[in-house]
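Take a look at the structure set out below.
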Amino acid sequence: MSGPAKMVGGLEAAIGLDRPFAMDAQIACAPGELMGLIGPSGSGKTTLLRALAGLVRPPRGRISVGARVWQDAEARTFLPPQARRVGLVFQDFALFPHLTARETVALAIDPEAYAGRSAQLQHAERWLTRVNLQGLGDRKPDALSGGQRQRVAVARALARDPDVLLLDEPFSAVDQMTRERLKRELASLRASLDIPIILVTHDLDEASALCDRLTLLHRGHVLQSGAADDMLSRPASTTAARLLGHTNIFPATVAQPSTPDQAGRIAWRDTTLEVADTGPFNAGERVAWVLPADQIVMHRRERPSLGERENPITGAVSEMARLGAETAVTLRLDDETGALNFRIATHAARRNGVEPGVDVTVSLLADGIHLVPERASEADAI
């Protein structure tokens with residue numbers, strides 16, 4: 001899908017709400033950037049999207065795109081949805097059952113840019129082609145598959161020539177195979193769109209694969225925002241770590257801060273662990289350490305390698321779940337410490353005789369251990 005790029009400014013928003021729940025959130029999205037808005041159910045993701053679109057009017061805050069102000073509560077400025085040039089794709093697509101795909105897309109086209117019904121329908125057909133729906137313009141929603149209906153919704157949103165594209169869990173209503181195909185198409189389509197794009201999703205894998213940057217919402221507040229890969233591997237707090245899907249979170253004490261020339265060490269249980277970077281923490285300071293599951297390496301029983309000497313830990317397998325090519329393993333350490341969770345290839349689990357009750361030794365990779373404050377901050381607890 002290709003087409004002329006549209007040059008607009010970045011989106012900046014500071015939104016304050018009291019109902020339906022308290023919200024005090026600030027976000028920014030640059031032109032051409034795809035930002036993932038993530039967080040648990042009820043954190044305010046869809047409410048924030050609706051405020052950006054003008055479907056909710058926050059009593060406090062400011063929303064602007066480039067030099068154009070969409071809302072400024074203090075100055076009593078508020079542009080209605082039709083004046084904001086927002087492309088919005090709903091979770092359920094929200095298509096009119098009595099309109100064809102072509103008519104649905106044409107409905108969103110600015111009549112000042114394309115005067116006359118014929119010109120609007122021709123432009124709608126061009127958008128249907130861009131989203132791979134050529135030849136299906138005469139079909140109504142009940143004659144389209146879930147993936148095709150989603151493409152119609154995207155074409156309708158983009159036919160408005162929007163300054164911002166908002167996607168509210170656009171893949172949740174389709175099957176897994178269709179979802180993967182649509183994600184690839186979105187990745188291709190966004191290359192031709194030089195506008196801010198915000199994607200609301202519950203799927204962290206989807207967010208990591210598609211988004212340049214993530215913003216984590218929790219109870220109406222932004223807990224963390226940053227590059228997708230960095231944010232998922234380096235959460236800012238224990239609360240952010242849990243919301244980002246981490247399960248390996250343990251308290252420790254800094255035994256030796258790292259330096260540019262030497263790794264640091266933390267005291268944990270009855271041992272010390274090597275940590276590549278202890279960050280801003282000083283010796284003796286209480287911290288929590290976080291380790292992604294993919295930074296745990298299981299030792300091979302018969303042919304251990306030199307790399308497996310790094311932070312070796314032994315425990316008994318308490319749970320296993322085979323998930324196709326991978327197997328999720330829970331390693332019970334002791335009653336007080338809890339358990340480590342990691343994944344290995346299913347064939348490797350079979351080859352090494354990994355079963356519940358069997359003792360297994362793993363290495364905790366020093367580069368993957370990330371330190372955060374031991375206690376949640378007030379912002380986390382809001």
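For the subset of the range 10-45 comprising residues that are under 25 Å from ALA191 (Cα atoms) and among the β-branched types (Val, Ile, Thr), which member is nearest to the chain's Cα centre (by Cα)?
Result: ILE38.
Looking at ARG332 and the list (1) closer than 27 Å to SER237 by Cβ; (2) assigned to a strand (DSSP E or B); (3) over 33 Å from the mean Cα position of the chain (by Cα), which single condition is not satisfied?
Against the list (1) closer than 27 Å to SER237 by Cβ; (2) assigned to a strand (DSSP E or B); (3) over 33 Å from the mean Cα position of the chain (by Cα), ARG332 comes up short only on (3).
Confirm whether ARG190 is among the charged types (D, E, K, R), in contact (Cβ under 8 Å) with a residue 40 or more places away in the chain, closer than 16 Å to LEU167 by Cβ and not in a strand (DSSP E or B).
Answer is yes for this residue.
Of all residues being surrounded by 15 or more Cβ atoms within 10 Å (Cβ to Cβ), within 27 Å of LEU182 (Cα to Cα) and aromatic (Phe, Trp, Tyr) in the range 63-108, which is modelled with the highest pLDDT? Just the residue, please.
PHE90
From the residues in the range 242-266 that are within 31 Å of the chain's Cα centre (by Cα), open to solvent by 40 Å² or more (accessible area, probe 1.4 Å) and not aliphatic (A, V, I, L, M), which one is nearest to HIS202 (Cα to Cα)?
Top of the filtered list is GLY245.
Of the conditions (1) open to solvent by less than 40 Å² (accessible area, probe 1.4 Å); (2) more than 25 Å from the chain's Cα centre (by Cα); (3) modelled with pLDDT under 95, THR314 clears all except one; give me its number.
THR314 satisfies every listed condition except (1).
Could you list all residues from the range 159-185 that are aliphatic (A, V, I, L, M) and either closer than 18 Å to ALA94 by Cα or without any contact (Cβ under 8 Å) to a residue 60 or more places away in the chain (or both)?
Of everything in the range 159-185, those that are aliphatic (A, V, I, L, M) and either closer than 18 Å to ALA94 by Cα or without any contact (Cβ under 8 Å) to a residue 60 or more places away in the chain (or both) turn out to be ALA159, LEU165, LEU166, LEU167, ALA173, VAL174, MET177, LEU182.
Search the range 252-264 for residues that are closer than 10 Å to GLU274 by Cα and assigned to a strand (DSSP E or B) and pair each with any residue that is acidic (Asp, Glu) and open to solvent by 30 Å² or more (accessible area, probe 1.4 Å) when their beta-carbon atoms are under 9 Å apart and the residues are at least 6 apart or on different chains.
Correct list of pairs: GLY264/GLU274; GLY264/ASP277.
What single numbered condition from (1) among the hydrophobic types (A, V, I, L, M, F, W, C); (2) under 19 Å from VAL200 (Cβ atoms); (3) exposed (fewer than 15 other Cβ atoms within 10 Å of the Cβ) fails to hold for ALA113?
(2)
Name every residue in the range 327-378 that is touching a helix residue (DSSP H, G or I) at 6+ places or on another chain (Cβ under 6 Å) and either open to solvent by 20 Å² or more (accessible area, probe 1.4 Å) or basic (Lys, Arg) (or both), in order of residue number.
ASN341, ARG343, LEU365, ALA376
The values are calculated or read from the model by the stated rules, or taken from the named source; none is laboratory data. Keep in mind that this is a model prediction, so the values were computed, not measured. Counting neighbours? That spans all protein chains shown, and the Cβs are built from the backbone with ideal geometry, glycine included. Protein only, heavy atoms only, side chains kept; ligands, DNA and RNA dropped before computing areas. Shrake-Rupley method; radii C 1.70, N 1.55, O 1.52, S 1.80 Å.
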